[in-house]
1. So how many residues does the range 143-156 have that are open to solvent by 50 Å² or more (accessible area, probe 1.4 Å) and under 16 Å from Val253 (Cβ atoms)?
2. Of all the residues that make up the range 157-182, how many are open to solvent by less than 60 Å² (accessible area, probe 1.4 Å) and over 19 Å from Glu103 (Cβ atoms)?
3. Return the residues of the range 61-86 that are among the basic types (Lys, Arg) and part of a loop (DSSP other than H, G, I, E, B); say none if nothing qualifies.
4. Being under 17 Å from Val209 (Cα atoms) and buried (at least 18 other Cβ atoms within 10 Å of the Cβ) is the filter here; which residues of the range 90-102 pass it?
5. Residues of the range 224-234 being assigned to a loop (DSSP other than H, G, I, E, B), within 16 Å of Leu35 (Cβ to Cβ) and open to solvent by less than 60 Å² (accessible area, probe 1.4 Å), which ones?
6. Thr61 versus (1) exposed (fewer than 13 other Cβ atoms within 10 Å of the Cβ); (2) touching a strand residue (DSSP E or B) at 6+ places or on another chain (Cβ under 6 Å); (3) within 19 Å of Pro176 (Cβ to Cβ): which is the lone unmet condition?
7. Across the range 123-142, which residue is farthest from Thr77 (Cα to Cα) among those that are open to solvent by less than 20 Å² (accessible area, probe 1.4 Å) and of a type in the set (Val, Ile, Thr)?
8. With the requirement that a residue be among the hydrophobic types (A, V, I, L, M, F, W, C) and either open to solvent by 40 Å² or more (accessible area, probe 1.4 Å) or part of a helix (DSSP H, G or I) (or both), what does the range 103-122 give you?
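The values are calculated or read from the model by the stated rules, or taken from the named source; none is laboratory data. Values in this document were obtained by computation on a predicted structure and should not be read as measured data. Counting neighbours? That spans all protein chains shown, and the Cβs are built from the backbone with ideal geometry, glycine included. Please note that ligands, DNA and RNA were not included when accessible areas were found on the heavy atoms of the full protein model with its side chains. Shrake-Rupley method; radii C 1.70, N 1.55, O 1.52, S 1.80 Å.
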Amino acid sequence: MKKILFFLLLALPGFSQNFKLPRYEKLVLPNGLTLMLMEQHEVPVLAVSVGLPAGAVYDGTQYGLANLTAESLKFGTKSFPKALLDEKLDFLGAQLSTYATLETATLTSSFAVKDQETVWPMIKEVLVNPAFDASEFEKRKSRLLVELKQAKQRPSAVLGEYFNHFYYGNQPYGSPADGTPESIGGITLDQVKNFYRTHYQPNGTVVSVVGDFNTAAMKAKLTTLFKDWKKGTAATQPPALKAVPNQSRVLLVNKENATETQIIIGQKGVPMNNPDYVGIEVVNTVLGARFTSWLVDELRVNHGYTYGVRSSSI
């Protein structure tokens, strides 16, 4: 039996909103930084997610610039050289990652509550005072060029970019977020620094914290921590999305000697500000967003058609 890895992207209809998010509080600091705080006291852990309007749609023709800028945040800061930053995080068992998707740059971190006095300053430094070490930047560029060339040998690694370009065409939403060997080879450290200055500013940035904390105390902590992050110009707005063909189309990409077939089926979904968005996400979790979903049960467990299937509402 041919092995098929099947990705299903669905635009689900609206659902009645019986599901409600747990209580959370929202606060906007004087510099424009938005805080979203949700107390969850079951486990003594904090989960942090920081989103900035600095994704790949702002790359222009320098494909991969947003993602390379996001990765460069962890190449050391003014107070924490890369080796020290990595060493401290590893010693604490804390996680800190930076990356960019199409619309946003993201920092995620998780750590024990008892270590927050050590980790929060690191998060702040990575966001506000990255050093953009030149040697680390060149090493990452060299590795990334190899990774991009190797990705062509793995259909699963490039299928999403084929789909985006086929669906959106030559507009920013159809650009390769990870870049191409040609575009990455031409990106300089000065261009990364300029992208950072333009897009990384508190206004437009959202810091979400979920975990074992007191909301009033966390408000005070983050207000003090980020008070010196100076407000920038108006947050950059994403480019307007042009209309895409409203018809069924098929793209076939042949790879000689491939041992599996990769498939994406997709169409336009709902915007994230849709009032049914949370309900759609909940329903999609049951349908196909996890390994115990209905799609996995039907296509993998019951019939053995595939060893991988998932659905997404975005």
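1. Here the count works out to 4.
2. Selection size over the range 157-182: 5.
3. Lys74, Lys78
4. Correct list: Ala94, Leu96, Thr98.
5. Phe226, Trp229
6. Answer for Thr61: the failing condition is (2).
7. Only one residue fits best here, namely Ile123.
8. Val113, Val119, Trp120, Met122, listed by residue number.
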